[in-house]
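The values are calculated or read from the model by the stated rules, or taken from the named source; none is laboratory data. All figures in this text were calculated on a predicted structure; none of them were measured in a lab. Note that we place each Cβ from the backbone using ideal geometry, even for glycine, and neighbour counts take in every protein chain shown.
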Amino acid sequence: MPGLTKVFSVLALIVLMGLAGVATAQPTVSGAPPVPPIPNTDVFTQMRLDFAQKNSNSGWDVDPERERLFKTIQDKDYVNAFNLAGVWLEKTPVDAPVHHLRAYSALQLGDYPAHFRHLAFYYGLLSSITAGGDGRSPETAWKVIAVAEEYAVLRHLGAKVKEQSLLVGMIDQMECDLDGQSVTFYFDVKIPMAKVHEMLNPQEPDGGTPPSPPGQ
């Protein structure tokens, strides 16, 4: 698909920027958390897996604090958005949409180094999610650590979900409309499903293994 080819070309360029080893820069907004240096794709993947292992909550996309953060952008309060995004990312550094939000805020504030670094984090995280396959079959499903990652990828591609199904093996099947065409994407949701099962079954030592849906 031409659209996907263009996207991954951009991702490759951003990752190469990361490999250049750009040093940490301080944002121009006084008192804001610092802008981190850019890792490469493998580092992004390890970052995501480490975060998933250490954090029990995979539903950060519905956190009220995060919702307030996005409200600041709607209100065009870019200084507050930049600062609040920095605070959020210190505890949830794998949240690609918030990196994008902070990149946009930095652009509006004229902090161009912060803009490009957070944009690189945004593309790097999406590149990490999609690095394991093409996402077009259950066997090549994109592995996510949270449902929010599924929608971050789909939103970036401009894909609108028409129907969602959970298949055997904890594979999320997303039937979407993309540029007027019907396209199906597949996501490996074992990690977020295990987190949900763990929260619902705290008496089990490791949360147990979530049951697979019945065969279809």
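A152 falls short of the stated requirement of being within 29 Å of M199 (Cβ to Cβ), modelled with pLDDT under 95 and assigned by TED's automatic domain parsing to the domain that holds D188.
For the stretch 131-150, the tally of residues that are under 17 Å from the mean Cα position of the chain (by Cα) and surrounded by fewer than 17 Cβ atoms within 10 Å (Cβ to Cβ) stands at 4. For the stretch 73-103, give me each residue that is of a type in the set (D, E, K, R) and over 24 Å from V153 (Cβ atoms). Within the stretch 73-103, D75, K76, D77 qualify.
Scanning the stretch 151-178 for residues that are touching a Cys at 6+ places or on another chain (Cβ under 8 Å) and among the basic types (K, R), we see that the one that is surrounded by the fewest Cβ atoms within 10 Å (Cβ to Cβ) is K160.
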